[in-house]
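The values are calculated or read from the model by the stated rules, or taken from the named source; none is laboratory data. Computed from a predicted structure; not experimentally measured. Every residue, glycine as well, gets a Cβ built from its backbone with ideal geometry; the counts of neighbours run over all protein chains shown. Keep in mind that these areas ignore ligands, DNA and RNA; they rest on the heavy atoms of the full protein, side chains included. Shrake-Rupley method; radii C 1.70, N 1.55, O 1.52, S 1.80 Å.
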Amino acid sequence: RLDALCSLAETAQRNNYVRPEVNLSDVIDTFTKEGYLVTTYPTQYKLDAFEKIKDMAPHYDLVVVSGGDGTLSEAVKGLMQCDVRVPLGYIPAGSTNDFARSVAIPKNMIEAAKNAVKGKRFPIDIGSFNGEFYCYVAAFGAFTDVSYETPQSIKNIFGHMAYILQCVKSVGKL
């Protein structure tokens with residue numbers, strides 16, 4: 001028997017990134033059909049995925065998160081706190097999904113779930129700076145805070161363009 005911990009980001013659910021054409025039971029069924037006993041955990045607050053994964057990942061054969069880049073970042077940070085290396089699957093459900101796009105993870109949630117259980121595993125580089133782990137981007141300089149300062153409501157409307165608008169807004173602070 002294989003066990004999988006699936007963490008679903010509360011923000012993605014609240015903002016309807018879990019696409020209406022996708023039934024979450026179909027996503028979970030994808031894992032079940034591959035022999036996994038699935039524990040599903042909807043996050044409740046910021047860093048909830050980090051805490052849950054840090055504490056629970058060693059008890060699972062696979063950890064899968066669904067959410068945006070922030071949820072993925074929490075998952076990586078949680079896994080890096082574990083003594084055991086557990087594979088991480090990612091089902092993109094955020095407003096921009098930069099990481100998923102950069103490594104060709106399908107946008108379709110069912111296809112991404114299939115990829116998590118049957119796809120080719122590959123290593124990713126994990127960096128650390130001042131005790132903080134990161135997996136796909138580290139920034140410094142004038143526009144470092146842009147991704148954090150961009151309101152979720154604007155990202156929901158404009159996607160990647162929201163970051164450009166926030167950069168333009170930030171020029172006045174230089």
*Under 22 Å from the Cα of Lys52, which lysines turn up, not counting those fewer than eight places away in the same chain?*
Lys77
*Suppose R0 equals 45 Å; then what is the FRET efficiency for Thr40 and Lys173 from their Cβ-Cβ distance, rounded to the nearest 0.05?*
0.60
*Of the DSSP beta bridges with both residues in region 22-174, give the percent that are antiparallel, rounding to the nearest 5.*
40
*Compute the Rg/Rh shape ratio of region 30-97: radius of gyration over Kirkwood radius, all on alpha-carbon atoms.*
0.95
*If the cut-off is 14 Å between C-alpha atoms, which aspartates and glutamates fall inside it for Lys114, apart from same-chain ones fewer than 8 positions away?*
Asp26, Asp29, Glu34
*Using a 1.4 Å probe, what is the accessible area per residue for region 64-168, in Å²?*
57
*asked:* Can you give me the % of accessible surface on the chain that is carbon or sulfur? Probe 1.4 Å, all protein chains present, nothing else counted.
replied: 55
*At 1.4 Å probe size, with no ligands or nucleic acids counted, give the accessible surface of Ser128 in Å², nearest ten.*
70
*Let me know the charge dipole size of the chain about its Cα centre in debye, to the nearest 20, where only the beta-carbon of Lys, Arg (+1) and Asp, Glu (-1) is charged.*
320
*Write down the Kirkwood hydrodynamic radius of region 37-161, to one decimal in angstroms, obtained as one divided by the mean of 1/r over all alpha carbon pairs.*
15.4
*Given a 1.4 Å probe and the protein chains all in place, what does the accessible area of Lys173 round to, in Å² to the nearest 10?*
140
*Helix 24-33: angle to the longest alpha-carbon principal axis of the chain, degrees 0 to 90, nearest 10?*
40
*Taking a cut-off of 23 Å between Cα atoms, list the lysines near Lys118, but don't count ones fewer than 8 places away on the same chain.*
Lys33, Lys107
